[in-house]
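Peer 1: Pasting a structure here, questions to come.
The values are calculated or read from the model by the stated rules, or taken from the named source; none is laboratory data. Just so it is clear, the structure is predicted and the values come from calculations on it, not from any experiment. We place every Cβ from the backbone using ideal geometry, glycine too, and count neighbours over all the protein chains shown. Just so you know, the surface numbers come from the protein's heavy atoms only, side chains and all, with ligands and any DNA or RNA stripped out. Shrake-Rupley method; radii C 1.70, N 1.55, O 1.52, S 1.80 Å.
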Amino acid sequence: MPSSSEAARIAVDRVLCTGHGVCAQTLPGAIVLDEWGYPVLRHEAVEPEAAALAVKLCPARALYLR
Amino acid sequence: MTNIAELLETAGLTGRGGAAFSTAIKLKAARENGAELIVNACDGELGAAKDAWIVAHHLHELIDGAALVAGGRRPHIRYAAHRGSRTAGLLASAGLPVLEVPHRYVSSEETALISLAQGGLAKPMTKRAPFVFGGRDSQGRKVPPTVVLNAETVWRVSQIHRLGAEWFRSFGTSAEPGPRLVAVGGHVARPGMYEASAGVALSDLLDSAGGLPPDARHVGVGGLGGVVLTAAEARSTIWETPGMKRHGGALGPGIVTVWNPAECPIETAARMISYGAGESAGQCGPCMFGMPALAADWTDLARNPTGKGRDHLLLRLSQLERRGACAHPDGVARFAQSALRTLAPEFAAHANHACQKGHKRHAQFV
């Protein structure tokens, strides 16, 4: 986990999330999936570049930065 | 309006809907952003009745309070009440603009009311930032600045304006000042609305409603988003945040319910959890799927209490925390966690096929 000064904070719009599960692959470690494929945030602080990519790749546009 | 926000800050008024957020801060933000005020008179929590009581008995003070909060010459204020309720009727007869809310548990949640007020469905919205600043819903539709205050909070504003911050602070504790309405219900002689304040013994609160009956075994505090205590715990608990926190609870929206001792408490809890599962708005996956799964796990554990089943339930509960747009799954998970702890002796009895209520239904109920 990066130090808090350089980290981006990710969050999930739960209304938009439809459980594609892409975020768990773009942010392994920070996000795991529950039994239905919805993301569980292990921690919110991730590297900004990885976070930006994960946000861009979310098919439901549900992942966002705080 | 010299400075109503300062007055409320001195008084220490916090939201009476359960979140206990500073009303002064909310009011300031509402004024700065020209927010519409929605007075929530829905009594949305199980066992709640105070909003209806205020509308029935103190409507003029409620109207005064709303005007004080909203400020300005043409304030934009609406009153939210359940469609077809007596409260909605009383508000409409007084010529007030009523936001008619469907009869669903989550429909009177803060962001659900804001969505409904904007012509959307009465379903919670993701709160990326407080809607008092305005914002957008998940579909990108613009939401104008809106603030929601519980009816009791608004009523207290008018009281503080009239009687002063010192009067307000003469009730309760220094950390949680002011009088509070509490609906005492269930298995008591005189169910009804009582005025209390933080720091009273829960047993005194129950005494005003006729006392905790000798056969009572469990007391719910805070409804479906609250906790359940044993009668012994209820007798020794002080009704204030530190006292309630020890049991995982809070003051919440002012609800104390003595459970019916004729019913198996595991089944009472099962009924409440199943109701909560059915009241999911069906928007957020972890709630839509997790809540019915929780209800099923609870039923399984009631039928066959094992350590493994208990661990499974605890994992399920942890996966409901902070994973919805609103706090409905968090509230039901908190309730289930509390019931699991408090009803440990009953679960043990079920394991030995010795439910004290003697009903045989556990073997069958699904």
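Peer 1: Could you check B:D64 against (1) touching a Ser or Thr at 6+ places or on another chain (Cβ under 9 Å); (2) open to solvent by less than 20 Å² (accessible area, probe 1.4 Å) and say which number it fails?
Peer 2: Evaluating B:D64 over (1) touching a Ser or Thr at 6+ places or on another chain (Cβ under 9 Å); (2) open to solvent by less than 20 Å² (accessible area, probe 1.4 Å) leaves (2) as the failure.
Peer 1: Could you count how many residues in the stretch B:267-297 are among the polar types (S, T, N, Q) and either crowded, with 21+ Cβ neighbours inside 10 Å or within 14 Å of chain A (Cβ to nearest Cβ) (or both)?
Peer 2: 2
Peer 1: Sort through B:R322, B:R303, B:R310 and tell me the only one that's charged (D, E, K, R), farther than 22 Å from B:Y105 by Cβ and free of Cβ contacts under 8 Å to residues at least 40 places away in the same chain.
Peer 2: B:R310
Peer 1: Would you say A:E35 is in contact (Cβ under 8 Å) with a residue 24 or more places away in the chain and within 14 Å of another protein chain (Cβ to nearest Cβ)?
Peer 2: Criteria not met by A:E35.
Peer 1: When you check B:G89 against the structure, is it in a loop (DSSP other than H, G, I, E, B) and not hydroxyl-bearing (S, T, Y), yes or no?
Peer 2: No; evaluated as a whole, the condition is false for this residue.
Peer 1: Taking the stretch B:163-192 as the search range and keeping residues that are touching a residue at least 24 places away in the same chain (Cβ under 8 Å) and in a helix (DSSP H, G or I), which one is surrounded by the most Cβ atoms within 10 Å (Cβ to Cβ)?
Peer 2: B:F168
Peer 1: Just one of the numbered conditions (1) open to solvent by less than 10 Å² (accessible area, probe 1.4 Å); (2) assigned to a helix (DSSP H, G or I) is not true of B:P124; which one?
Peer 2: (2)
Peer 1: Right, here's the next one. Would you mind telling me which numbered condition in (1) in a loop (DSSP other than H, G, I, E, B); (2) more than 14 Å from every other protein chain (Cβ to nearest Cβ); (3) surrounded by 14 or more Cβ atoms within 10 Å (Cβ to Cβ); (4) of a type outside the set (F, W, Y) A:G19 fails?
Peer 2: That leaves (2) as the condition not met.
Peer 1: Those residues that are out of contact with any helix residue (DSSP H, G or I) (no Cβ under 9 Å at 6 or more places or on another chain) and part of a loop (DSSP other than H, G, I, E, B), I need them from the stretch A:33-59; list them, please.
Peer 2: A:R42, A:H43, A:E44, A:E47, listed by residue number.
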